[in-house]
Amino acid sequence: PASLLWLVPLTMLPQASMNPMSFGPDPSIGLLPIPGVLAYYAIFFFFGAMYWDSDDTRGRLGREWTITLPIALVLVFPIGLDLVAGKIGVVSPWREHALHALVANFAQALFAWLMIFGLIGACRRLLSTESRAMRYISDSSYWLYLIHLPLVLLAQWFGRDSTVPALVKFV
């Protein structure tokens, strides 16, 4: 796992070009993706391709998921969110803005990788047996992913000029 620490600073590079007031990557819903967001997700894509090619049949990646997931959720996420939004009160604002931004960026990248490694291990441990329900969800998820954005955009286009109350539009 220590050999994968280089992924955190690599992820920080495109993350640094995104909105410093929001936790995680910026949205990019246009026809052409924002280059920084594309680079951010490309890191995860190429890591996944390299990991798939590594043939980790022994399950070394994510083996310590019972440690990484709690650290990510209980420690890194609240600190990172507080560094970005300042609403939790865990971390007080720093005088040195550049260092504050760098640590916030680091916490976001670390959170992403800890969650990835932890969830890989948790899924390998808890979902490794064959299940018809999981196979159905897996097979249907890609199609749903592809079709949901045009449907959401179409629904927004039809509902934008409607005089229906906002709560009804939201539902």
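What do you reckon, is residue 59 in contact (Cβ under 8 Å) with a residue 24 or more places away in the chain and out of contact with any Ser or Thr (no Cβ under 7 Å at 6 or more places or on another chain)? Against the criterion (in contact (Cβ under 8 Å) with a residue 24 or more places away in the chain and out of contact with any Ser or Thr (no Cβ under 7 Å at 6 or more places or on another chain)), residue 59 qualifies. Among the residues of the range 118-126, is any of a type outside the set (Gly, Ala, Ser), under 21 Å from residue 25 (Cα atoms) and surrounded by 15 or more Cβ atoms within 10 Å (Cβ to Cβ)? Yes, that holds for at least one residue. Applying the criterion of at least 3 residues that are over 17 Å from residue 106 (Cβ atoms) and open to solvent by less than 70 Å² (accessible area, probe 1.4 Å) to the helices (runs of 4 or more DSSP H) found wholly in the range 1-76 leaves 35-54, 65-70. You will find that of 36, 24, the residue that is on the phi > 0 side of the Ramachandran plot and of a type outside the set (Ser, Thr, Tyr) is 24 and no other. Is it the case that residue 107 is small (Gly, Ala, Ser), surrounded by fewer than 14 Cβ atoms within 10 Å (Cβ to Cβ) and at pLDDT 85 or above? The answer is no for residue 107. A count restricted to the range 24-56 and to residues that are touching a residue at least 12 places away in the same chain (Cβ under 8 Å) and more than 25 Å from residue 102 (Cβ to Cβ) stands at 1.
Residue 129 meets each of the listed conditions (1) exposed (fewer than 10 other Cβ atoms within 10 Å of the Cβ); (2) part of a helix (DSSP H, G or I) apart from (2).
The values are calculated or read from the model by the stated rules, or taken from the named source; none is laboratory data. All values reported here derive from a predicted model rather than from experimental measurement. With ideal geometry, Cβ positions are generated from the backbone for all residues, glycine too; neighbour counts draw on all protein chains shown. Just so you know, the surface numbers come from the protein's heavy atoms only, side chains and all, with ligands and any DNA or RNA stripped out. Shrake-Rupley method; radii C 1.70, N 1.55, O 1.52, S 1.80 Å.
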